[in-house]
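Data block below; observations after.
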Amino acid sequence: MKVQVSPSGRFVLVVIIVVVIGLLAVGCDSLRLAPSEQLKQNAWLHNRTTAVAAETARAEATSPQLQALTRLSESQSRAFTSYYGLPSEVPQAETSEQILAQSNWELAETAVAQSAQRPDPWQVADSLLEVGIGVSALLGGVYGTRAVRFLKDARAKSTALKEIIQGNELFKKHSTDQTQAFKAAHANQSPETRQLVTAMKV
């Protein structure tokens, strides 16, 4: 069964796609990279560390409060492993000695550094515009052609804006004596423009 889409329906679809792309591009700060093998290993190791800590606290007959805290920590840690997924290679972590190996300390440091990484907002926006162009081209027709033209224009403007912002930042970095004059020249920007430029500097 072939579904026919009217020209107005195609146009509405293209508008929805553009709005979704815009919303995703604006919300880039919430995007994260997929968890790496090191992040998965660290999450799994964290669960093993809390489990061994809970067993040790129980075996050494520590205070009831410490035993409860370590049991709760072990329970909470299961969520991290579930969220990140299981690693393809599981680190040795049966005993305290294995868990406290130097390699696991290094793994924890690597995981901390990786967890702070975010996708480049410019690349995300460019990729989303490419998807929009591809979908619009598939729709075809007058409205699809217009949407392709519009999205290509938006991509060109996005690239130009990126280059301008990067050039401005480079100028301020190398011409610190001109920073105040540069800020004064941009003092009349609207709050919306300032907010957009600030977001794109990230």
Extreme residue, modelled with the lowest pLDDT, among residues of the stretch 153-202 that are hydroxyl-bearing (Ser, Thr, Tyr) and surrounded by fewer than 11 Cβ atoms within 10 Å (Cβ to Cβ): 198
Pairs with Cβ under 6 Å, 6+ apart, first in the stretch 110-129 and over 15 Å from residue 34 (Cβ atoms), second modelled with pLDDT under 75 and hydroxyl-bearing (Ser, Thr, Tyr): 125/158
Can you tell me which of (1) in contact with a Cys (Cβ under 9 Å, 6 or more places away or on another chain); (2) at pLDDT 80 or above is the one residue 104 doesn't meet? (1)
Considering 48, 71, 10, 78, which residue is assigned to a helix (DSSP H, G or I), modelled with pLDDT under 65 and basic (Lys, Arg)? 10
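The values are calculated or read from the model by the stated rules, or taken from the named source; none is laboratory data. Remember, it's a predicted structure, so these values are computed and weren't measured experimentally. Ideal geometry is used to build each Cβ from the backbone, glycine not excepted, and the neighbour counts take in all protein chains shown.
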